[in-house]
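Input: a single structure, listed below in structure tokens.
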Amino acid sequence: MISRSELLAAAEAIRAGELVAFPTETVYGLGANALDPEAVARIYEAKGRPASSPLIVHVASVEQARELAADWPDSAQKLAELFWPGPLTLVVHKNPIIPDRLTGGLDTVGLRMPANTIALALIREAGVPLAAPSANRFTELSPTTAQHVRESLGDRVALILDGGPTDVGIESTVLAVSPPCLLRPGSITREQIESVIGPISVDASDQIGRSPGQHARHYQPRTRLVLARANELPAGRGAYLFVSVPGKAAQPIHMPADARAYAQRLYALLHELDAQNLDWIAVEPPPEGSEWDGIRDRLRRASAV
Ligand code: TXA
Ligand code: MG
């Protein structure tokens, strides 16, 4: 955990337009003052991220989110009341005080209130909302520990707040609010959202351009990652992440059959395996069911060539 003086130094750095990496419940974020276009530009530069890919803005209350939105539909209010603080990003029309640079020129903004005491304390202490993508270089695996951030961006940030390993382990669910469209699956499932706002009728695949920043190749370890059954493992030395049937791999790794536990473990494990110079990392296709949608999505992107 962090000391009071570290928190104050981090808040001061944010107000000065610098970058601070901080923990959330999902993955570590690379934070800057969301209302300062130059600070926002520094995020893109540090990550090597294309300017067209919008950032999520982190807030410490529903009221703060409403101030950053041009309109706040009832459905957004209901979802925020139920799932915030938590791993759900709501995309709504933006208030003009949000710099265009932050949204890649879109007239919408993604807002979320993270369920992490350090993140919330930093937002409150800095007195400004925090723009933050995952604290990794563009296309790489997201960080779930402060050490992952140090390895990827250590020389590019003023400070890294260490809150220990993250709970959820994969990035938030991203929902465009009206019309409702699931732009990125995550640990808050389609069913959970539909139980609050009714059926999500718009398919994200019909919405090319609606969520720039969702690239087919993304979330990738350096080691080649393939989705494979136990009897389809490549030749050479590799690790096999399985839930049901172990394969003949140098390293068979039994993964939790519970989607939440699996997600929490996944990136940390991939970071670890990536350091071992294996020929491949193979992963058994995850089970059916919407609680696995986020994991399935990340593994599909991690294995895309
Ligand atoms: O869990 C998370 O969401 C983490 C933590 C740090 O909060 N953040 C994260 O940010 O994963 P990032 O930048 O790696 O992914 C954000 C994605 C963008 O790539 C884009 O697909 C979507 O969220 N997004 C953000 N703003 C959007 C907008 N206005 N319209 C559509 N999609 C948006
Ligand atoms: Mg990311």
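Since every read-out is calculated from the coordinates, none of them should be taken as a lab result. Owing to the predicted nature of the structure, the values given are computational and were not obtained by experimental measurement. In this analysis, Cβ positions are derived from the backbone assuming ideal geometry, glycine residues included, and neighbour counts consider all displayed protein chains.
A few remarks follow.
- Separation of the R124 and D203 label points, Cα + 7 Å toward Cβ, nm: 4.5 nm
- Histogrammed with a bin width of 10 Å, the alpha carbon distances of the chain distribute as 6, 28, 35, 22, 7, 1 percent, first bin at zero.
- Low-density loop cleavage sites - trypsin sites (Lys or Arg not before Pro) in segment 196-302, where at most 15 other Cβ are within 10 Å (DSSP): R210, R217, R222, R229, R237, K248
- Shape summary: segment 129-171 maps onto an equivalent ellipsoid whose semi-axes, from the alpha-carbon gyration tensor, are 15, 13, 12 Å in decreasing order.
- If you take the alpha carbon atoms of segment 157-305 and fit the smallest convex hull around them, that volume is 150 Å³ per residue.
- Dividing the summed helix terms, -39500 (n - 2.57) for each DSSP H run of n ≥ 4, by the number of residues in the chain produces a 222 nm estimate of -9000 deg cm²/dmol to the nearest 500.
- The A9 and R300 beta-carbon pair, evaluated with R₀ = 35 Å, returns a calculated FRET efficiency of approximately 0.30.
- From most to least packed by mean Cβ count within 10 Å, the peptides 17-24, 252-259 give 17-24, 252-259.
- FRET efficiency estimate (nearest 0.05) - Cβ-Cβ, E67 to A216, R0 30 angstrom: 0.30
- Listed peptides 81-91, 270-280 by packing density, highest first (mean Cβ within 10 Å): 81-91, 270-280
- The simple Förster model, with R0 at 22 Å and r as the Cβ-Cβ distance, assigns H93 and S52 a FRET efficiency of 0.75.
- Unit charges at the beta carbon, dipole of the chain: most positive-side option, L19, P234, P256: P234
- Simple label model, 7 Å out from Cα along Cβ direction - R150 to E191, nm: 4.1 nm
- If the Kirkwood radius is taken over C-alpha pairs of segment 40-145, then at 10 °C and 1.306 mPa s the Stokes-Einstein diffusion coefficient equals 112 µm²/s.
- Highest mean packing comes first when the peptides 129-135, 166-172 are listed by Cβ atoms within 10 Å, giving 129-135, 166-172.
- Shape category assigned to segment 1-41 from the gyration tensor of Cα positions, a/c cut at 1.5: oblate
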